[in-house]
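Q: Before anything else, here's the structure in question.
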Amino acid sequence: MSTLENRQYYLASRPAGAPTPQDVPCRDVPVAEPAEGEVVLRNLYISLDPAIRGWMGDDPNYIEPIAIGDPVRATIIGRVEKSASEDFKPGDVAMVMGGWERYSTVPAAMCTALDESAGVPLSYYLGVLGPTGLTAYFGLLEVGKPQAGETVLVSAAAGAVGSIVGQIAKMQGCRVVGMAGSEEKCAWLRDTLGFDAAINYRSCGDDAAALEGAIREACPDGVDVYFDNVGGNILEAALACLNKFARVAVCGWISTYNMADAPGPSARNLWQLVANSVTIQGFVVIDYMDRFPEGIAQLAEWVMAGKLQFREEVVEGLDNILPTFLKLFDGSNSGKLVISIPE
């Protein structure tokens, strides 16, 4: 019998809107002992991503919904506490899909070993060198297919994914316009990340017509690639501004995630897909899993060379996890959101 106690935040009910403490309460339970081929990780970092909100529902998704009663699912980095696998020993550090909990008992075969001696902050493997950076890398380059001289529009551009998308697009020789929710964020995009222009969607008017006008002003030659993180009115407005043979890479629709009866992205302006021979494609980063080493190597090279800048917001304490998660949906976070649990 394990003597370790595990604090978990688990899914008690499927949220109708923004998740509440009643939807995601906590409990203290014994740590599950590792079966053959498993390891127990003492979690150090937990990644907070908009996709988690989708997994809390029961709509069809690219992975199974979180079961009622299970810990909320998330990518975690942890130190091996106990091992029943030849591949890991106590003290090793690994990344895996775990949960909102202090300890995760997981199959060793699903873990990626991380080398602390490399001197890279471990939290980076949840952000710029992990799923966040890889989503931007493959979503832009493989789905958006930007060409030098084209205009790339990015929504939620000051977010963890969008900020990396814009910088990679600049490296491809594109004109880059970002959309963000404050003047401070817009200034960061222009002055620090090198975006050519930035649109504050809160001040320009949030209806589709006003947003369309702002996009046309910032993109006088139209939009060739739109990287969509939000859906809703911004997607509708962007569709109206697309050039012939434009590409739309659909990464997420965060504007609808906490709507009790989410209508989904507007159907208006979808005729532009026909009128301008536009390609619209959704994707998830696991589509490119076999190419992760390539993507991580390139992202690391850019980071080391100072070509790729990023922000991360690390909040300490497992008990802060739900209010911190909700920052993703009101835009109050600054960069990649991570929960840390001190050793």
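The values are calculated or read from the model by the stated rules, or taken from the named source; none is laboratory data. Please read these numbers as outputs of a predicted model, since none were measured by experiment. Glycine also receives a Cβ, built like all others from the backbone with ideal geometry; neighbour counts cover every protein chain displayed.
Q: Exactly one condition in (1) touching a strand residue (DSSP E or B) at 6+ places or on another chain (Cβ under 9 Å); (2) surrounded by 18 or more Cβ atoms within 10 Å (Cβ to Cβ); (3) modelled with pLDDT of 95 or more is not met by L134; state its number.
A: Here L134 clears every test but (1).
Q: What is the residue count in the stretch 149-162 for residues that are outside any loop (DSSP other than H, G, I, E, B) and within 11 Å of the chain's Cα centre (by Cα)?
A: Count: 3.
Q: Test each condition in (1) modelled with pLDDT of 95 or more; (2) within 23 Å of the chain's Cα centre (by Cα); (3) among the hydrophobic types (A, V, I, L, M, F, W, C) for F245 and report the one that comes out false.
A: Just one mismatch for F245, condition (2).
Q: Mind counting the residues in the stretch 301-328 that are polar (S, T, N, Q) and loosely packed, with under 13 Cβ neighbours inside 10 Å?
A: Count: 1.
Q: OK, next. Could you tell me how many of the residues in the stretch 250-285 are surrounded by fewer than 13 Cβ atoms within 10 Å (Cβ to Cβ) and either assigned to a helix (DSSP H, G or I) or at pLDDT below 90 (or both)?
A: Count: 8.
Q: Residues in the stretch 57-78 that are buried (at least 18 other Cβ atoms within 10 Å of the Cβ) and either out of contact with any Phe, Trp or Tyr (no Cβ under 9 Å at 6 or more places or on another chain) or β-branched (V, I, T) (or both): how many?
A: 5
Okay, residues lined up against (1) under 19 Å from Q309 (Cβ atoms); (2) modelled with pLDDT under 95; (3) within 21 Å of the chain's Cα centre (by Cα):
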site	(1), (2), (3)
G194	yes, no, no
A197	yes, no, no
Y201	no, yes, yes
D207	no, yes, no
A214	no, no, no
G222	no, no, no
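Q: A further question on this structure: Can you tell me which residue within the stretch 89-124, out of those that are of a type in the set (D, E, K, R) and in contact (Cβ under 8 Å) with a residue 40 or more places away in the chain, is nearest to N43 (Cα to Cα)?
A: Here is the first cut: in the stretch 89-124, the ones of a type in the set (D, E, K, R) are 89, 92, 101-102, 115-116.
Then keep just the ones that are in contact (Cβ under 8 Å) with a residue 40 or more places away in the chain; that gives 101-102.
Working: E101: 7, R102: 5 Å.
The residue in question is R102.
For every residue, the table says whether it meets (1) assigned to a loop (DSSP other than H, G, I, E, B); (2) closer than 26 Å to E183 by Cα; (3) not aromatic (F, W, Y).
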position: R291; (1), (2), (3): no, no, yes
position: I296; (1), (2), (3): no, no, yes
position: F310; (1), (2), (3): yes, yes, no
position: L337; (1), (2), (3): no, yes, yes
position: P342; (1), (2), (3): yes, no, yes
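Q: May I pose another question? Of the conditions (1) at pLDDT 95 or above; (2) assigned by TED's automatic domain parsing to the domain that holds Y10; (3) more than 22 Å from P50 (Cβ to Cβ), D115 clears all except one; give me its number.
A: Of everything listed in (1) at pLDDT 95 or above; (2) assigned by TED's automatic domain parsing to the domain that holds Y10; (3) more than 22 Å from P50 (Cβ to Cβ), D115 misses just condition (1).
Q: Any residue in the stretch 206-234 that is over 29 Å from A51 (Cα atoms) and among the basic types (K, R) sitting within a Cβ distance under 8 Å of a residue that is modelled with pLDDT of 95 or more and crowded, with 21+ Cβ neighbours inside 10 Å? List the pairs, counting only those 6 or more apart or interchain.
A: R216/C241
Q: Are there any pairs, at least 6 apart or on different chains, whose C-beta atoms fall under 7 Å, with the first in the stretch 49-75 and under 18 Å from A160 (Cβ atoms) and the second among the polar types (S, T, N, Q) and assigned to a loop (DSSP other than H, G, I, E, B), and if so, which?
A: R53/N258; G54/N61; W55/N61
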